[in-house]
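The values are calculated or read from the model by the stated rules, or taken from the named source; none is laboratory data. Note that the structure is predicted; figures quoted are calculated from it, not measured. We place every Cβ from the backbone using ideal geometry, glycine too, and count neighbours over all the protein chains shown. What goes into the accessible areas is simple: the full protein's heavy atoms, side chains included, and nothing from ligands, DNA or RNA. Shrake-Rupley method; radii C 1.70, N 1.55, O 1.52, S 1.80 Å.
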Amino acid sequence: VLGTLIRGGPVSRVDLARSTGLTPGGVTRAVQPLVRSGLVAETAARGRGGVGRPAASLDLRAGSELQVGVKVTATELVSVVCDLRCEVLGVVTEPLAGTGPEAVVDQLVQRVRAWQAVHPRVRRVGVAVSGDVDVATGHVGYSPFLGWRQVPLGPLLAGRLALPVVVENDVRALLTGEHVVGEHAGTPSLALVTIGAGVGCALLLEGRVVHGIHGVTGEIGHVLADSAGPVCHCGNVGCVEAIAGEDAILRRMDALGHPGLAVADVVAMARAGDPEAHEVLAAAGRAVGVGLATLANLFGPAVIVLTGEAVAGPDEDFDVMEPSVREAFAARAFGSAADCEVVLRPLTFVDWARGAAACAVADLVAGGTRAAVV
Ligand SMILES: [Zn+2]
């Protein structure tokens, strides 16, 4: 019920029963504690004619509780404070004072306290970190960017802040944001792929973010895209990441006699008509298309969202890579798996931080079980 009200409202009890599959009595039982806690309010009827009692509707009090969401990168903390619909009320980006766990925990505690001073209704915290994260325990198993192994980030923060803290892998957090409040809110099967230094992927199937028993799922970065391709850092040959990752693109340009570039330079060169830059990005796009088709063939999501700084900056479009991504996807997707909609979209670090806040909201909806169901 809370998830439905977060995605849209106001909603009548009848419509709520219909969309949740609950009986009218079930809706009443679900709504009572939400009204009591102030998360949901009963609003006056809005011009519904007819006889008898006007049909009052229920609506989320989106500002009744706030959450802080933080994306931890190798160099920065990007933090937002959001309401329950993940509307961003404020953003602070600050350099990371140090990458050791103690330094990061200290800085996160200070940041959340600073937000609480401005917004006393902050009730929970979501933190997104790249790497292998166990959302159930809040432990970061391995984060290569930060050089962390087995850091109990969630318990450390929750202990200092006395607030519920959800720690999630950053790509899964971004996907949760898309599912809870993004353009694809409520889509039951959704995948998100990020192309950057590495290739990240998160999956949501039938309303649940897939975590994998061993903390690994959707590793399309290490799907074979070209058996004659370059060696990957994982030791295999021709992985998607070995062709489409940022390092791979720059290494290829270096080998072609263009050292010291950034991905944005390669994109600019391709746009200006440089055939080598164009071919390097097209090859990256083809590898990504193979990866996306593999995802669609295996899981059949309704939508795959593709994003990442190697594909486009926040204000750029995907003109260079997009045709080869779509071509390879169409060639490899099997049967109606090709009906999966591939959406290329720039997302900023603020969107990632908002995804972390969405994880905290999803945890509230799941009753604090970290099941992330909305
Ligand atoms: Zn690999």
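Quick look at the values:
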{"read-out": "Kirkwood Rh and Cα Rg combined as Rg/Rh, the range 182-275", "value": "1.08"}
{"read-out": "Unit charges on C-beta of K, R, D, E only; dipole of the chain, Debye", "value": "2080 debye"}
{"read-out": "Distance between modelled label sites at ALA74 and ALA136, nm, 7 Å Cα→Cβ extension", "value": "3.1 nm"}
{"read-out": "Mean Kyte hydropathy of 1.0 or more with a Cα span along the axis of at least 20 Å, helices from DSSP in the chain", "value": "349-365"}
{"read-out": "For the chain, share of DSSP beta bridges that run antiparallel, in % to the nearest 5", "value": "65 percent"}
{"read-out": "Per DSSP, loop trypsin sites (Lys or Arg not before Pro) in the range 110-195 with at most 16 further Cβ within 10 Å", "value": "ARG121"}
{"read-out": "Highest to lowest packing among 20-28, 78-86, scored as the average C-beta count within 10 Å", "value": "78-86, 20-28"}
{"read-out": "Alpha-carbon spread of the range 142-196, three principal axes, descending order, Å", "value": "35, 28, 14"}
{"read-out": "Rg/Rg_globular for the chain, with Rg_globular taken as 2.2 N^0.38 Å and Rg from C-alpha atoms", "value": "1.06"}
{"read-out": "Carbon and sulfur %, accessible surface of the chain computed with the full protein complex present, 1.4 Å", "value": "54 percent"}
{"read-out": "List MET269, MET253, ordered by accessible area with a 1.4 Å probe, largest first", "value": "MET269, MET253"}
{"read-out": "Net +/- balance of residues flanking GLY289 in space, Cβ distance below 9 Å, scoring K and R +1, D and E -1", "value": "+2"}
{"read-out": "222 nm mean residue ellipticity, helices alone, for the chain (DSSP H n ≥ 4; -39,500 (n - 2.57); rounded to 500)", "value": "-11500 deg cm²/dmol"}
{"read-out": "Amide H partners (placed H, <5 Å) of LEU89, local residues excluded", "value": "VAL81, CYS82, ASP83"}
{"read-out": "Accessible surface, per residue, of the range 223-337 when the full set of protein chains is kept, probe 1.4 Å, Å²", "value": "46 Å²"}
{"read-out": "Distant-in-sequence amide H partners of ALA197 (H built 1.01 Å from N, under 5 Å)", "value": "GLU246"}
{"read-out": "Distance between the range 50-121 and the range 235-302 - C-alpha centres, whole angstrom", "value": "35 Å"}
{"read-out": "Residues in the range 277-302 reached by a label modelled at PHE334 [backbone nitrogen below 20 Å; 7 Å Cα→Cβ]", "value": "287-302"}
{"read-out": "Surface/4 estimate of mean projected area, convex hull on alpha-carbon atoms of the range 75-180, nm²", "value": "6.2 nm²"}
{"read-out": "Å² of accessible area per residue within the range 135-215, as computed with a 1.4 Å probe and no ligands counted", "value": "37 Å²"}
{"read-out": "Mean accessible surface per residue for the range 12-125, computed with a 1.4 Å probe while every protein chain stays in place, in Å²", "value": "51 Å²"}
{"read-out": "Span from the the range 144-170 Cα centroid across to the the range 195-226 one, whole angstrom", "value": "21 Å"}
{"read-out": "Among THR23, LEU163, VAL350 - extreme Cα towards positive end, dipole of the chain, charges at beta-carbon", "value": "THR23"}
